[in-house]
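Below: one structure, written as structure tokens.
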Amino acid sequence: MAGYDFNGQRLHVEPALAAGSMIELDRTAANYLLSVLRLGDGDEVLVFNGRDGEWLAQIGVSGRKSASLKPLRRVREQTRLNDLVYVFAPLKHARLDYMVQKAVEMGVGRLQPAFTRRSVASRINRDRMRANAIEAAEQCGILAVPDIGPEADLPAVIAKLEPDRLVVFCDEDAPVADPIAALAGASVLGGLALVVGPEGGFAPEERDLLMRRANLRRISLGPRILRADTAAIAALALVQGVLGDWRDG
Ligand code: SAH
């Protein structure tokens, strides 16, 4: 992260970024820059779209609520998201907002909602989830917004994971044991998936289904029951520290 400009405001946009192009901002984005960030004509922001790297862009204000961006120069090359799938049971509103934001900050590459027997939420608001993912990506400096996988029941989600993908299963019923030792030496060449259950915990048949999978490590997150959003952060810290990008030079 050395040399990264933490002070620059960052904005995710959809259109292509190239020198000489001009990006008309929609009302929400214009309002965010002008009213929330209090930026104005001629000010500079960092922009990214998940494809063209990060650009320094200049704001042009054309009315009280309309603005455009002129990409000036590329400041970072495009990077890829981690091959880390976060499988989670949807929670209710504020907790889900929080969990999605934190998962993105922790380096998840794909958010995969999975309905379980004891899920508290039976639907998800994908737009809201995406807005939270975008906000977290803007804030934490990554150059792409994690995908949100199509919601499905847990068995279908697990069946769709590639056989060589390592699954780390956070099980509140697992005996407390050193989680670093449990993960050490596991191969993540085929990518990684982390599974965290709903507030109501996993049903026995869901636990059985997970345990039948060959390429799986079951871990305990200690002697206390964590709420699902806390478990997400704790487990992501563990996998990123032992197997993931916290170890990269
Ligand atoms: N209501 C359940 C707890 C569910 S906590 C009960 O009382 O048993 C929600 C999810 O967070 C769990 O399904 C699990 O994936 C994770 N989790 C919470 N605490 C954990 C722990 N100590 N060890 C492993 N996983 C945990």
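The values are calculated or read from the model by the stated rules, or taken from the named source; none is laboratory data. Only a predicted model underlies this, so the values are computations on that prediction, with no experimental measurement involved. Note that we place each Cβ from the backbone using ideal geometry, even for glycine, and neighbour counts take in every protein chain shown. Quick note on the areas: whole protein, heavy atoms, side chains included, nothing else; ligands and nucleic acids left out. Shrake-Rupley method; radii C 1.70, N 1.55, O 1.52, S 1.80 Å.
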Carbon plus sulfur, as percent of the 1.4 Å-probe accessible area of the chain, comes to 51 percent
Cross-link reach from residue 102 to lysines, straight Cα distance under 16 Å and at least 8 residues apart if same chain, gives 92
Result for the stretch 10-76: accessible area per residue, probe 1.4 angstrom, in square angstrom, of 53 Å²
As a percent rounded to 5, the proportion of antiparallel DSSP bridges among beta bridges in the chain is 40 percent
In the chain, taking the dipole from +1 charges on Lys and Arg beta carbons and -1 charges on Asp and Glu beta carbons about the Cα centre, the listed residue (61, 246, 82) farthest towards the positive end is 61
Rounded to the nearest 5, the percent of antiparallel DSSP beta bridges in the stretch 51-112 equals 75 percent
accessible surface per residue for the stretch 139-249, probe 1.4 Å, DNA/RNA/ligands not counted, whole Å² -> 48 Å²
With every protein chain kept in place and a 1.4 Å probe, the residues 106, 211, 129 fall, from largest accessible area down, as 211, 106, 129
To the nearest 20 debye, the chain has a Cα-centred charge dipole, built from +1 on Lys and Arg Cβ and -1 on Asp and Glu Cβ, of 320 debye
Rh (Kirkwood, all Cα-Cα pairs) for the stretch 67-219, Å, reads 16.6 Å
Expressed to two decimals, the stretch 10-76 has a Cα Rg over Rh, using the Kirkwood radius, of 0.93
Computed, not fitted: 222 nm per-residue ellipticity of the chain from DSSP H runs ≥ 4 (each -39500 (n - 2.57)), nearest 500, equal to -8000 deg cm²/dmol
